[in-house]
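Every number in this text was worked out from the coordinates using simple rules, so none of it is lab data. For clarity, every value in this text was computed on a predicted model and none was experimentally measured. As a convention, Cβ positions derive from the backbone with ideal geometry for all residues, glycine included, and neighbour counts pool all protein chains shown.
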Amino acid sequence: MLFIFVIKYKANLGFMVQLTWYQLVLVVGFIQALILIFLLLLKPENRKSNLLLAALLFVIGRGDISELLPGVNLARDYPFLLPVFYEYLFVLGPILYFYVRSLTQSTFRFNRVFWIYIGLALSLDIAYDYTLYWCRMTKFCSRAWIITFAEIFSLLSVMQMGVVLVLSVRTLRQYDRSLKDHFTNLEKINLRWLQNLLKAIGALAIYWIILVWVDILFFDYRINDIYYNALNVAVVITVYWIGFSQYIRPRVVIVEEIEVVPKISDEAPKVASPSPLAEDEMQQYAQMLQKAMQQDQLYLDATLNLNALAKHLDIPAKHISHTLNQHVGKNLNDFVNEFRIEEVKQKLIDPKFAHLTILGIAFEAGFNSKASFQRTFKKLVQCSPSEYKKQRAKAS
C-alpha cells in the first residue's frame, strides 16, 4: 500500500491536495523538466536540437501533471483546466524524429515541412483532448465509449511512435556510417547514447501495448494501477536521461553531406562502379593511402580525419572516400584502425615497450578511448589485448 503524503494548502481558492508518493515523484519530475528546459535553452551549442528537446520535455512533463488531476479537487472545481493538462501523445513522435534529424543533418531547418507535421500532430491531440472534455462535461458519452475512444487513440499514437523509431534508427545508422567515413576516432563524437535512448523508448512502447491489451482482454480495464504507474515513472526517468545526456555533452559533430559510395562486399558480385574515378586513378590513390600509413605513419595521430588526410595527400576528400569505399572496400575508420592495431600487436610483444601498459601502447598507436580500442582489437584479432599478449608470450 502506498503511503499518503498530504499537502494541505488553504487559500482563497479553498482546495486541498492529497498526493501519494507516486504522484509526488511525478511532481518532482515535472519540476526537473522545467529546470532542464531552462538549462537547455541557455546552452549556446546545438540550439535547434536543444529547442526541440526542451519541447519534448515540456510535452511529457505536462503528461506527468495530468496523472495528478484525478486525485485533486482542482479537477472537480475547475474542469475547464483539464484539457490544458491532458497528454499530447501524437505530437511526441514528430518532435522526437526532428530532434534526431537536427543532431545528424547539417541541412536541418525549421521549414514548412516541419511546421506542417507538428501542426497536424498538435491538431489531432487538441481535437482528441477536447472531445474527451466535451464527453465528460455533457455526460453524453458512455464510460465504455470514452474508454474505447481513448485506447484506440493511444494505440494509434504508439503505432506512430513505432514508425518514428524506425525512421530515427535508420537516420542514426546513416549518420554513423558518415562518421566512419570522416573520422578515425568516434568514441567522443558518436551518438550511441541516443541509440540506447531510442531502444529504451521502443521497449517502453512495447510494454505499453502489451499492458493495454492484457488490461482489455483479461481485466476489463481494471488491472492494478501499479503497472501503469511503473510505466509513467520509467518514461520520466528516460526523458530526463536524454535531457541530461544532451546537456552534459559538447557540441555534436555534424559532418557535411558528401557523396559516399557504399563499400563492396567480398561476397557480393562487383557491378559497374558508380564512382567518377577511373580504376587506375583509384589504384594510384590507394597506393598513396598505403604510403601515408606505412611510411608517414599518419595513423599515430589520434585526431586524424578525412580532411586532414586529404590535405596531407593533396587529394580531394571525396576522392579518398570513393577510393576507400569502392576500391579498398573499407571506410576511413576501419582502414586507419587496422594500422593502429598492427602497431599495438607489435609493441605488445616487443621487450622495449614492456614498461608501458596495454592502454598506454594503445594511446601511442593513435587510439584515444579504452572502450574503442578494446572493441576494435577484439573485432580484428578475435581476442582481447591481454589474451593476445599471453598467447604470444607462451608461443615464444
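So if I average 1/r over every pair of distinct C-alpha atoms in the stretch 279-395 and take the inverse, what Kirkwood radius in Å does that give? Before the final figure, lay out the partial values.
Working: mean 1/r = 0.0663 Å⁻¹.
15.1 Å is the Kirkwood radius here.
What residue among Val336, Leu300, Ala362 has its Cα farthest toward the positive end of the dipole of the stretch 279-395, where the charges are +1 on Lys, Arg and -1 on Asp, Glu, each on the Cβ?
In the stretch 279-395, that residue is Ala362.
Could you size up the charge dipole of the stretch 279-395 around its Cα centre, putting +1 on the beta carbon of Lys and Arg and -1 on that of Asp and Glu, and report it in debye to the nearest 20? Spell out each step's value before the answer.
Working: 16 positive and 13 negative charges, 158 e Å.
So the magnitude is around 760 debye.
Hey, could you pull the Cα Rg and Dmax for the stretch 109-196, both in Å?
Looking at the stretch 109-196, its Cα Rg and Dmax stand at 20.1, 64 Å.
Could you grab the relative contact order for the stretch 279-367? Cα pairs under 8 Å, six or more apart, rounded to a whole percent. If you can, show how the numbers build up before the last one.
On the way: 65 pairs, mean separation 29.5, N = 89.
For the stretch 279-367, the relative contact order is 33 percent.
Amide H of Thr20: which non-local residues (sequence gap of 5 or more, or other chain) have their own amide H closer than 5 Å, using H built in the peptide plane?
Under 5 Å from the amide H of Thr20 lie the amide H atoms of Phe5, each far enough along the sequence or on another chain.
In debye to the nearest 20, how big a dipole does the stretch 144-256 give about its Cα centre with +1 on each Lys and Arg Cβ and -1 on each Asp and Glu Cβ?
Details: 10 positive and 8 negative charges, 114 e Å.
Magnitude of the dipole: close to 540 debye.
Which entries of Lys48/Lys330; Lys188/Lys330; Lys180/Lys291 have Cα-Cα distances beyond 28 Å here?
Details: Lys48/Lys330 33 Å; Lys188/Lys330 21 Å; Lys180/Lys291 21 Å.
Exceeds cut-off: Lys48/Lys330.
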